[in-house]
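Report on the structure given below.
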Amino acid sequence: MTHPTLDARRQTMDAVGEQPSLCAAFQATAAVHADRPALRTAGAPGAVTWGEYAERVRAVAEGLWALGLRAGEPVGLVLANTPDFHVLDTALMHVGAVPFSVFTGEPVDRIATLLASTGAKVVAVDAAILERVEPALGQSRVEQVILVGGAGDAGDSHITLGALERLQAPDFDFDAQWRRAEPAMIAAIVHTSGTTGTPKAVQLTHGNLVFAAAGTHAIAPVDPDTRTLSYLPNSHLAERFMSHYMGLCFGYEITCVPDPDTLFDTIREVRPTRLFGVPRIWEKVAERARAILAETPELQAVFEDNLERLWAAHRAGEPLEEALDPAALERLAPVREALGLDEARWLGVAAAPSSSEVLATFLALGSPVADLWGLTECLMTTMNPPGAIRLGTVGRPFAGVDVRLSDAGEILVRGPNVFAGYRNQPDKTREILDDDGWIHTGDLGRLDADGYLSIAGRAKEMIINAAGLNISPVTVEHAIKAESSLIEHLAAIGEGRRYLTALVVLSPDELERFAAAHGLSGSYAELTRNPRVTEEIAAAVERGNAKLPRAEQIRGWTILQEPWTTGQELTSLMKLRRAVIEERYADEIEAMYG
């Protein structure tokens, strides 16, 4: 027997692709999911229902209108992952304004640059970081600050979100305003990560985002009772899309994780049914899985057998999941439960190259992680479909999206997922988007006979050594990192050089565990110089080199004495800022070649 409410939810979800805007999708979602939980905060009781979410969006939108905000105006959000972010961002879209997020951990000068480049006059800031962010506001065109999480009432230039919700605008027609949103209208600005230069402001339309949401549902169908987490920085499209925009379209129950240090505990508590992570997150989960397996030799043996079956199928080009032993997967259920992944129906990874060894670990555990690919400029482009994952690939193109390779092997993309251009940078837009609508992604790739795409590396990041050979640094880095959980980050160096070297950064948590297991003591910096630690890294480099051609092997390496941090050597999604790294560690690099 079918349930009328459940049927209505499914019909609304299946009709997402017919909606003209995210606003329309949200209103439909809020209507059929009204009594269901929408937004929670990790570790806190209670939840905001979809009906309450919609009421707050209406109130905040009216307050924004009363402040004088109008359609088309950019608004910066320097906010952590909280329900208030979702409410404010959604309200801004309903007014017709253009929200964009700034990572709260960015240096002040970079925050100032991002605010100034968009011309934002209104910005929402977490009250807890206002003092640190204030100098950046002074270097921009910001005239109005919305304080989130603070107390107080309206002032000349600052107003709390609570006070904003109480403002009234008799001339504001909420329904008429959000209904003006159409597919070609700009819904958001998302800045590129800045790994190879200054971040650019990517303009994404309602049509872009609705198309990507519907396409994701078509490949990996969303369930009406989906639970997920919002924990990655909202400044990156990966988080905005996977939790926020998909939630608006499909009625997710979203648990916000303001403190990333609580992520793994929250996964175990919430037991998400859908979860997205960047490669480093899945690397950490895989490390936890191996630690659990190491404590139970019987399960370790079951896992290793499954892994061997998987790699044999991979080498033979046979379906991977069909090669796994169902009885073994059943026996591995306690591991999935201990990780908090026992109820997961879809897991995904993107935003940086993934390690096949890590993804094979999850397949063998019975928690497959689907690798997918796109750029900020072309959103969701390819995805490994559930049940047909191929290691080393990022899947097949979405229906309606064209993917081809240039003569030089560069991946070109065309379709409804292609952005509306960089804000205020038409020259930069012309560099990436040609007259025929093709995005020149800068990524190099290969397409197999079944249309699965493999990423060979980013053209701007390719190392050309002294012999003129092109080397993908990511391939080298994955090969070495896979050999020791001690290595948190590794940057291959070798542009114009006779051989490759590497800067090695150790994981503080793994280093602490390694020290305890081997009776070592000392600070982080002292442990990086300990002979037992350097022996472990030397052995990992040797094992990794054995998997690489001679020209791609690491011939020298240096363990750095301090961790890398987001906003400095790393982007908000833990990708390497290579230019920053090579400049900051120029002396260490030269010493390896001296």
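Could you say whether any residue in segment 94-107 is acidic (Asp, Glu) and at pLDDT below 95?
So the first thing to find is which residues in segment 94-107 are acidic (Asp, Glu), and the list is 106.
Right, trim to at pLDDT below 95 and you get 106.
Taking every residue of segment 94-107 in turn, at least one turns out to be acidic (Asp, Glu) and at pLDDT below 95.
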Quiz item: farther than 30 Å from Arg179 by Cβ, surrounded by 24 or more Cβ atoms within 10 Å (Cβ to Cβ) and assigned by TED's automatic domain parsing to the domain that holds Thr49: does that describe Ala91?
Solution: no
Quiz item: How many residues are in contact with a Leu (Cβ under 8 Å, 6 or more places away or on another chain) and outside any helix (DSSP H, G or I) if we restrict to segment 254-270?
Solution: 4
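Which of the residues spanning segment 373-396 are of a type outside the set (Gly, Ala, Ser) and surrounded by fewer than 24 Cβ atoms within 10 Å (Cβ to Cβ)?
Taking segment 373-396 and keeping what is of a type outside the set (Gly, Ala, Ser), we get 373, 375-386, 389-391, 393-394, 396.
Matches in segment 373-396: Leu375, Thr376, Pro385, Pro386, Ile389, Arg390, Leu391, Thr393, Arg396.
Enumerate the strands (runs of 3 or more DSSP E) found wholly within segment 183-239, keeping only those where 2 or more residues are closer than 21 Å to Gly119 by Cα and acidic (Asp, Glu). Lay out the reasoning, then the answer.
On the way: elements: 186-191, 201-205, 227-230.
Ranges flagged: none.
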Self-check item: Tally of residues being modelled with pLDDT of 95 or more and in a loop (DSSP other than H, G, I, E, B) across segment 335-369
Solution: 9
Exercise. Would you kindly identify the helices (runs of 4 or more DSSP H) lying entirely within segment 497-586 that contain at least 3 residues that are of a type outside the set (Gly, Ala, Ser) and farther than 29 Å from Ala350 by Cβ?
Key: 524-528, 531-545
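How many of the residues making up segment 1-41 are in a loop (DSSP other than H, G, I, E, B) and crowded, with 21+ Cβ neighbours inside 10 Å? Talk me through it step by step, then tell me what you get.
Of the residues in segment 1-41, the ones in a loop (DSSP other than H, G, I, E, B) are 1-3, 15, 19-21, 33-36.
Right, trim to crowded, with 21+ Cβ neighbours inside 10 Å and you get 19, 21, 33.
Number satisfying all stated conditions: 3.
When you look at Ala97, is it in contact (Cβ under 8 Å) with a residue 24 or more places away in the chain, among the small types (Gly, Ala, Ser) and touching a Leu at 6+ places or on another chain (Cβ under 6 Å), yes or no?
Numbers: in contact (Cβ under 8 Å) with a residue 24 or more places away in the chain: yes; among the small types (Gly, Ala, Ser): yes; touching a Leu at 6+ places or on another chain (Cβ under 6 Å): yes.
Spelling it out, Ala97 is indeed in contact (Cβ under 8 Å) with a residue 24 or more places away in the chain, among the small types (Gly, Ala, Ser) and touching a Leu at 6+ places or on another chain (Cβ under 6 Å).
When only residues in segment 463-472 that are in contact with a strand residue (DSSP E or B) (Cβ under 9 Å, 6 or more places away or on another chain) and more than 18 Å from Gly392 (Cα to Cα) count, which is surrounded by the most Cβ atoms within 10 Å (Cβ to Cβ)?
Residues of segment 463-472 that are in contact with a strand residue (DSSP E or B) (Cβ under 9 Å, 6 or more places away or on another chain), as a first pass: 463-465, 469-472.
Keeping just the survivors that are more than 18 Å from Gly392 (Cα to Cα) gives 463-465, 469-470.
Values: Ile463: 20, Ile464: 13, Asn465: 17, Leu469: 13, Asn470: 13.
Selected residue: Ile463.
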Practice problem: Pull up segment 426-462, narrow it to residues that are at pLDDT below 90 and in contact with a strand residue (DSSP E or B) (Cβ under 7 Å, 6 or more places away or on another chain), then point me to the one that is nearest to Gly392 (Cα to Cα). | Solution: Ala456
Quiz item: Quick check: is even one residue across segment 345-359 among the hydroxyl-bearing types (Ser, Thr, Tyr) and within 15 Å of the chain's Cα centre (by Cα)?
Solution: yes
Quiz item: Any idea how many residues of segment 13-32 are farther than 26 Å from Val98 by Cβ and touching a helix residue (DSSP H, G or I) at 6+ places or on another chain (Cβ under 7 Å)?
Solution: 2
Quiz item: Quick one: how many residues across segment 392-420 are aliphatic (A, V, I, L, M) and outside any strand (DSSP E or B)?
Solution: 6
Quiz item: Does Leu299 fit the bill of being touching a residue at least 12 places away in the same chain (Cβ under 8 Å) and in a strand (DSSP E or B)?
Solution: no
Quiz item: Would you pick out the residues in segment 524-580 that are more than 29 Å from the chain's Cα centre (by Cα), free of Cβ contacts under 8 Å to residues at least 24 places away in the same chain and surrounded by fewer than 20 Cβ atoms within 10 Å (Cβ to Cβ)?
Solution: Glu526, Asn530, Pro531, Arg532, Glu535, Ala538, Glu542, Ala546, Pro549, Arg550
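Hey, among Leu147, Leu114, which residue is modelled with pLDDT of 95 or more and buried (at least 20 other Cβ atoms within 10 Å of the Cβ)?
Numbers: Leu114 fails: modelled with pLDDT of 95 or more.
Checking each option against the conditions leaves just Leu147.
For segment 245-255, give me each residue that is out of contact with any Gly (no Cβ under 7 Å at 6 or more places or on another chain) and buried (at least 23 other Cβ atoms within 10 Å of the Cβ).
First, the residues of segment 245-255 that are out of contact with any Gly (no Cβ under 7 Å at 6 or more places or on another chain): 245-253, 255.
Residues satisfying the conditions are Tyr245, Met246, Gly247, Leu248, Cys249, Phe250, Gly251, Tyr252, Thr255.
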Quiz item: Could we say that Thr475 is modelled with pLDDT of 95 or more and touching a strand residue (DSSP E or B) at 6+ places or on another chain (Cβ under 9 Å) here?
Solution: no
Exercise. Go through segment 412-433 and give me each residue that's among the charged types (D, E, K, R) and in contact with a Lys or Arg (Cβ under 9 Å, 6 or more places away or on another chain).
Key: Arg414, Arg423, Lys428
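The values are calculated or read from the model by the stated rules, or taken from the named source; none is laboratory data. The structure presented is a predicted model; accordingly, all values stated were derived computationally and were not measured. Please note: Cβ atoms are built from the backbone with ideal geometry, for glycine as well, and neighbour counts cover all protein chains shown.
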